[in-house]
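Q: This structure is in structure tokens; I'll ask about it shortly.
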Amino acid sequence: MKTQRRNFLKIAAMAVLGWGVRPASEILASGGGTASEGLLFASRHKVHVGPNALTASRWAMVIDTAKLNEKVMEDIVHTCHSIHNVPTIPGNQNIKWIWETHMDHLFLEDLHEYQPEAGAKSALALCNHCDNPPCVRVCPTKATFQREDGIVMMDFHRCIGCRYCMAGCPYGSRSFNFMDPRKHLETTNPDFPTRTKGVVEKCEFCAERLAEGKMPACVEVSEGALAFGDLGDPESEVRKLLAERFSIRRSPTLGTKPCVYYLV
Amino acid sequence: MYDKNKILIGLAVFVVFMTYPFWNNIGSAAYQRPEIEKPKNAKDCVESVEFMRAEHMAMLNDWRDEVVRGGEHEYHSTASHQVFQKSLTKTCIKCHENKDQFCDKCHATVSVNPYCWDCHVDPKGEKK
């Protein structure tokens, strides 16, 4: 059959009508548990909750910059990196899950040169577990995915090392294994896998510890500087801290909606 | 018929090549299942021996997806009705401590190379 201009336009118009009657929310975003993927927002994976697991509708972390000092930050970084087998590689191929950095690197838009002298000079940076995570949207294999409780997870088995997520993440929270990390590990924790060459990795809010009913390791050793809890619960520690104190987030204008809050 | 001889020679060469694995193995010993080391401190596996022998690879593959993507950490055994943690290092390797004598022995014999241990840590292997 010869396609005529008139027929083509008819079919195109019907197709547009068909899309028009689909709810916009369904096209742009899809809710938890469904297999379909939205155009603008990523879908969220249902999490099975074990009997001992800690649960939340939306996990978030609050970092009190006033309570952070060199020793606490060193302890936190060391604890996280040692239990998760994060290697220390000299040069620019190092792997980082949580690290100390200057305030002006953390908050590109919020700081000016007349900050109070007593204010924090540096704080901890980690994956922000954004509400609208660019890394999840750009991952072609869905190795990076978001759980219903907001944690942005990595499936190391599925990562093909394309590093789109690293380009997508505006916070530089992701690291790529350019080499076998085991060569740079002094001790290994047998309960957590080391990663391998060619995969991306990052902080996972200690999802494996939450499943066992434990708080994230960094929170446990932070001596009160880090709080972790449910944003959906008005009685939670994080909500109380956010209500009491002034807090900022990293690059909020990018629209990623980070869920790591800094009290300043 | 043209080139009858060439075709017949070609066919003969083809048949010889195709059947090479069969007649090359005539007289050699049959495949024997390697003797693997059994756990010293446990009697029952999460499932029956027959099931584990045939399905352990599929089971581990399912476990990894269920744990990582679904957050399902508990495995309900159909053999003993006990609950186990779905974990290669925390469940399997707790009993089968010796990876060389358990995993590798069979895998080497049948020439398969799973990449589990590229990431997962074998506690004994790391000490060497």
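Q: Return the unpartnered cysteines for chain A, using a Cβ-Cβ cut-off of under 4.7 Å.
A: Unpaired cysteines in chain A: A:Cys80, A:Cys130, A:Cys139, A:Cys159, A:Cys162, A:Cys169, A:Cys206, A:Cys218, A:Cys259.
Q: Please determine, in degrees from 0 to 90 and to the nearest 10, the orientation of helix B:49-68 with respect to the longest principal axis defined by the Cα atoms of chain B, where the helix direction is its Cα long axis.
A: That helix lies at roughly 70 degrees to the long axis.
Q: Among DSSP beta bridges whose residues both lie in chain A, state the antiparallel percentage, nearest 5. Please report the intermediate quantities before stating the final value.
A: Numbers: 17 of 23 bridges.
So the antiparallel bridges in chain A amount to around 75 percent.
Q: Here's another thing I want to ask about it. In 10 Å bins starting at 0, how do the alpha-carbon pair distances of the stretch A:118-204 split up by percent?
A: In whole percents, the pair-distance histogram is 16, 45, 29, 9, 1.
Q: Can you check how the C-alpha radius of gyration of chain A compares to 2.2 N^0.38 Å, as a plain ratio? List each step's numbers first, then the result.
A: Working: Rg = 21.3 Å, N = 264, 2.2 N^0.38 = 18.3 Å.
Compared with the compact-globule rule of thumb, chain A sits at 1.16.
Q: While we're looking at this one, here's another question. How high is the relative contact order of the stretch A:87-243? Use alpha-carbon pairs under 8 Å, at least six apart in sequence, and give a whole percent.
A: 19 percent
Q: How much length would be gained if the chain were fully extended between A:Val221 and A:Lys71, taking 0.36 nm per residue of separation minus their Cα-Cα distance, in nm to one decimal? If you can, show how the numbers build up before the last one.
A: On the way: separation 150, 0.36 × 150 = 54.00 nm, distance 1.08 nm.
Here the segment from A:Val221 to A:Lys71 would lengthen by 52.9 nm.
Q: What are the radius of gyration and Dmax of the stretch A:64-109, computed over its Cα atoms and given in Å?
A: Expressed in Å, the Cα Rg and Dmax of the stretch A:64-109 come to 12.1, 34.
Q: Just counting partner chain Cβ atoms within 10 Å, what average do the residues of peptide A:188-194 show around their Cβ? Intermediate results must be reported in sequence, preceding the final value.
A: Working: counts 4, 3, 10, 6, 4, 8, 6.
Averaged over the peptide's residues, the number is 6.
Q: Summarise the accessible area of the protein assembly as shown (1.4 Å probe, protein heavy atoms) by the percent that is carbon and sulfur. Let's see the in-between values first.
A: On the way: 13560 of 23480 Å².
Roughly 58 percent, rounded to a whole number.
Q: Continuing with this model, one more query. Going through the stretch B:4-113, which chymotrypsin sites (Phe, Trp or Tyr not before Pro) have at most 15 other Cβ atoms within 10 Å and a DSSP loop state?
A: On the way: sites: B:Phe14, B:Phe17, B:Phe22, B:Trp23, B:Tyr31, B:Phe51, B:Trp63, B:Tyr75, B:Phe84, B:Phe102; in loops: B:Tyr31.
For chymotrypsin sites (Phe, Trp or Tyr not before Pro) across the stretch B:4-113 that sit outside H, G, I, E and B with at most 15 neighbouring Cβ atoms in 10 Å, the list reads B:Tyr31.
Q: Once fully extended, how much extra length lies between B:Asp62 and B:Trp23, figured as 0.36 nm per residue of separation less the alpha-carbon to alpha-carbon distance?
A: Numbers: separation 39, 0.36 × 39 = 14.04 nm, distance 3.96 nm.
Separation in residues times 0.36 nm, less the Cα-Cα distance, equals 10.1 nm.
Q: On alpha carbon coordinates alone, what is the Rg over Rh value for the stretch A:119-264, Rh being the Kirkwood radius? Show your work: numbers first, answer last.
A: On the way: Rg = 16.1 Å, Rh = 16.7 Å.
Result for the stretch A:119-264 is an Rg/Rh of 0.97.
Q: Sticking with this structure for a sec: Quick one: the Cα spread of the stretch A:100-159 along its three principal axes, in angstroms, biggest first?
A: On the principal axes, the stretch A:100-159 reaches 46, 20, 18 Å in Cα extent.
Q: Take A:Ser57 and A:Ile160, extend 7 Å from each Cα along the Cα→Cβ direction, and tell me the distance between the two endpoints in nm.
A: Rounded to a tenth, the inter-label distance reads 3.8 nm.
Q: Whole angstrom only: what separates the Cα centroid of the stretch A:175-196 from the Cα centroid of the stretch A:81-151?
A: 19 Å
Q: Okay, next question. Please work out the FRET efficiency for the pair B:Arg53 and B:Ser77, using the Cβ-Cβ distance as r and a Förster radius of 25 Å; give the result to the nearest 0.05. List each step's numbers first, then the result.
A: Values: r = 16 Å, r/R0 = 0.64.
E(calc), rounded to 0.05, equals 0.95.
Q: Please identify the longest segment of chain A free of exposed chymotrypsin sites (Phe, Trp or Tyr not before Pro), where exposed means a DSSP state other than H, G, I, E or B and no more than 12 other Cβ atoms within 10 Å. Walk me through the numbers before you get to the answer.
A: Details: sites that count: A:Tyr114, A:Phe246.
Looking at chain A, A:115-245 is the longest stretch - no exposed chymotrypsin sites (Phe, Trp or Tyr not before Pro) with at most 12 other Cβ atoms within 10 Å.
Q: Something else now. Starting from the 7 Å offset along Cα-to-Cβ, what nm value, one decimal, do you get for the label separation of A:Ile11 and B:Glu35?
A: Label at A:Ile11, label at B:Glu35, 7.1 nm between them.
Q: Which positions within the stretch A:45-59 get 40 Å² or more of their accessible surface covered by the other protein chains, compared to the chain by itself, with a 1.4 angstrom probe?
A: Buried-area filter returns A:His48.
Q: Give, to the nearest whole percent, the P(r) tail of the stretch B:43-128 beyond 17 angstrom, counting all Cα pairs.
A: Working: 1874 of 3655 pairs.
Summing the P(r) of the stretch B:43-128 above 17 Å gives 51 percent of all pairs.
Q: How much length, in nm to one decimal, is gained on full extension between A:Lys142 and A:Glu212, taken as 0.36 nm per residue of separation minus their Cα-Cα distance?
A: Details: separation 70, 0.36 × 70 = 25.20 nm, distance 2.50 nm.
Here the segment from A:Lys142 to A:Glu212 would lengthen by 22.7 nm.
The values are calculated or read from the model by the stated rules, or taken from the named source; none is laboratory data. Keep in mind it's a predicted model, so treat the numbers as computed, not measured. Counting neighbours? That spans all protein chains shown, and the Cβs are built from the backbone with ideal geometry, glycine included. Ligands, DNA and RNA are stripped out before the accessible areas are found, and what is left, the full protein with its side chains, is counted by its heavy atoms. Shrake-Rupley method; radii C 1.70, N 1.55, O 1.52, S 1.80 Å.
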